[in-house]
Amino acid sequence: MKRIYQFIMLSTLSFAFLSCEKDWLERQPKNIILEEQVWNDPRQLVGILANLYDRLPTDMGLTDQDRNAIDINQERQAQWRRMADYDDAMWSGFSNEEGRNNIVTYPFDRWRIWNYSLVRDINHALENIETHGTALSAEEKTQFNAELRFLRAYNYFELVKRMGGVPLVTTQLIFNYSDDPAYLQTPRAAEAEVYDFIADELDAIKDHLGNEGSKTRANKYTALALKSRAMLYAASIAKYNNLMGGPITTPGGEVGIPADRAADYYRRSLEASEEIITSGAYSLYQNNPHPGENFYEAIVQKAGNPEVIFAWDFLTSKDKRHAFSYDNIPRSIREDNLSSSNVTPSLNLVESYEYLDGSAGELKTRTPDNSDFIYYDQVTDIFANKDGRLYGTVIYPGAAFKGLTVEMQAGVMVWNAGTNSYQTIEGSDLGSDWGGNNYPNGDGGTLTAVGGPHRSIQEVSNTGFYLRKYLDSGPGTSTRGIRSDVWWVWFRLGEIYLNAAEAAFELGLAGEAAGYLSTLRERAGFPENSVTAATIGLERIRNERRVELAFEDHRVWDLKRWRIAHEVWNGTASNPDAVVYALYPYRVVRPGDAARDGKYVFVKMVAPRFRAPRFFQMGNYYSAIDQSVINNNPKIVRNPFH
């Protein structure tokens with residue numbers, strides 16, 4: 001009996017041990033996340049979305065491979081180098097090779113992206129949520145699906161505006177390692193087909209996005225903003241490409257949109273714009289009574305900003321910051337920066353801002369008969385009564401930033417009574433005085449200011465202006481701006497007003513278009529109804545985009561979609577639009593002449609260190625497709641002129 005009992009006990013213990021061993025073998029690993037866990041956990045799905053948002057293309061045209069190879073500061077620096085290449089500015093920063101960053105011609109691969117790794121990852125997420133997301137609620141599935149489709153539509157817009165029609169891939173392309181891979185080779189869709197896909201996707205998802213009030217995740221109005229912009233681009237290409245002497249097209253429509261599509265695209269852009277404007281969800285930023293400071297804050301202010309719709313944010317709490325302010329702070333107020341003054345706005349841009357009385361923005365430097373300078377008591381007086389957006393975009397001589405005056409003086413103009421003319425004297429160093437051993441006859445006053453401008457020194461303005469837009473003026477950044485968290489604005493209401501104005505005007509609704517422009521201009525200090533149906537025109541609309549959206553990644557794309565980039569930047573020295581101009585202030589030394597002595601005069605010139613007129617070729621309207629892409633997929637058609 002005792003032996004039987006022992007046997008039963010041993011059997012029981014063995015069974016218990018086997019049961020425990022089975023349980024132990026079936027435990028979930030703690031260092032591996034299983035497929036079912038990922039696609040059923042909303043928190044992990046938000047993490048995946050964050051990665052995909054962060055990979056959306058910006059104006060520097062980086063691929064996923066580029067992003068993996070460089071850190072965030074290098075990526076942003078690549079972007080602002082390109083600001084100087086094709087916005088209303090030039091590069092005044094350091095260059096190992098003089099002028100290397102002020103390019104003359106644009107290579108055909110400029111602006112190119114072919115980031116199908118991002119498309120693949122979005123499609124992968126869409127399919128896995130559908131297949132494995134069994135624990136997600138229907139509402140969660142719908143929202144994640146909509147948000148992923150928004151990201152895909154946004155990416156396809158960035159592709160089509162650079163490359164023309166591209167392969168429309170909406171499912172994972174998985175090779176089975178046995179068949180001919182030709183079945184994976186997708187030809188380019190027509191350019192119009194890609195724009196139609198974007199519009200259809202946005203219409204399908206806009207009411208399912210959620211994220212109400214978010215400025216960093218897509219919501220209904222983010223989708224409408226993308227549609228507003230994308231449809232405007234498509235409409236412009238349909239109209240203006242076909243007005244060229246030789247329209248840029250391919251036989252299969254990969255490049256070029258039929259002219260009869262223009263009106264419908266303009267209508268769809270206008271409808272999307274108006275839905276945002278009339279929704280009440282956003283309003284123009286009006287929190288500062290100073291028009292210039294108010295416009296600056298409309299871009300950089302995060303808290304309580306009713307204008308920004310969608311932005312790429314940089315969060316101090318996650319240590320995700322950038323060095324844009326560090327590299328672009330005015331030379332005279334930098335601290336121990338090893339870089340400054342990189343992107344410096346042009347006189348061309350400054351003169352695009354009108355005076356508040358509606359007159360043209362050309363700065364007055366000479367008398368009407370050109371016999372003499374116009375003399376100003378203060379260096380800032382020449383900019384008086386200008387469009388408030390100038391102050392909010394550009395730091396001009398004598399303007400303030402972070403409570404500090406940005407002193408700028410290129411040299412002195414010394415009157416020579418014997419020759420009845422001025423002698424121009426400029427310092428070889430910044431912060432030099434006109435006196436001492438070098439200038440024994442000087443008056444001891446400033447010769448060349450610490451902030452320049454200077455003709456040859458690097459990391460000081462060579463144009464006579466500094467950038468204000470996107471510089472960090474927040475507390476805790478000192479004047480260096482190192483590791484700034486100022487966001488990059490992708491969509492804001494100001495652009496939507498401009499999109500609505502342009503689309504309305506192209507549809508023959510001049511009064512409606514004038515109203516949208518007047519609203520924006522009134523915020524900048526202009527009187528009410530400064531634009532009417534009688535005074536509005538295409539050139540006014542285009543100039544309003546230039547001054548409102550400067551340095552927000554619109555200028556080059558506007559010139560391209562209007563098909564005038566090859567005319568504006570035609571490589572001709574006699575074309576003032578193709579050359580970057582500068583404005584240099586000088587202190588007048590003319591003892592005995594109270595009306596002139598101690599005043600300031602200004603000289604306009606071609607910006608020093610700017611090598612030659614910009615030359616945009618016909619082959620730049622669409623970026624070249626890399627040969628490796630064509631080698632892997634012979635169905636891909638090259639773009640024209642390549």
| What is the ratio of the Cα radius of gyration of the stretch 166-294 to 2.2 N^0.38 Å, where N is its residue count, to two decimals? | 1.39
| task | Give me the accessible area of MET618, 1.4 Å probe, in Å² rounded to the nearest 10. | result | 60
| request: Over all alpha-carbon pairs in the stretch 268-420, figure out the percentage whose distance exceeds 20 Å. | output: 66
| Percent relative contact order of the chain, based on C-alpha pairs within less than 8 angstrom and at least six residues apart? | 18
| Setting aside same-chain residues fewer than 8 positions from LYS302, which aspartates and glutamates have a Cα under 18 Å from its Cα? | GLU212, GLU293, ASP313, ASP319, ASP472, ASP485, GLU495, GLU552
| said: Just the number: Rg to Rh for the chain, Cα atoms, Kirkwood Rh, two decimals. | reply: 1.08
| remark: The correct ranking of LYS161, LYS302 by accessible area at 1.4 Å, largest first, is LYS302, LYS161
| remark: Taking a ≥ b ≥ c as the square roots of the Cα gyration tensor eigenvalues, with a/c under 1.5 meaning rounded and otherwise prolate when a/b beats b/c or oblate if not, the stretch 533-642 comes out prolate
| remark: For the chain, the per residue accessible area (1.4 Å probe, Å²) is 42
| request: Just the number, please: carbon plus sulfur as a percent of the accessible area of the chain, 1.4 Å probe, no ligands or DNA/RNA counted. | output: 52
| request: Lys and Arg at +1, Asp and Glu at -1: add these up for the other residues within a Cβ distance under 15 Å of LEU184 and post the number. | output: +1
| With every protein chain left in place, what is the accessible area of SER339 in Å² (1.4 Å probe, nearest 10)? | 20
| said: So if each residue of separation counts as 0.36 nm, and I subtract the Cα-Cα distance between ALA417 and ASP41, what length gain in nm does that give? | reply: 127.0 nm
| task | Using per-residue counts of other Cβ atoms within 10 Å, averaged over each peptide, order 560-570, 355-365 from highest down. | result | 560-570, 355-365
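The values are calculated or read from the model by the stated rules, or taken from the named source; none is laboratory data. Here the structure is a predicted model, which is why all the values come from computation and not from measurement. Using ideal geometry, Cβ is built from the backbone for each residue, glycine included, and neighbour counts are taken over all protein chains shown. All accessible areas refer to the heavy atoms of the entire protein, side chains included, with ligands and DNA or RNA removed. Shrake-Rupley method; radii C 1.70, N 1.55, O 1.52, S 1.80 Å.
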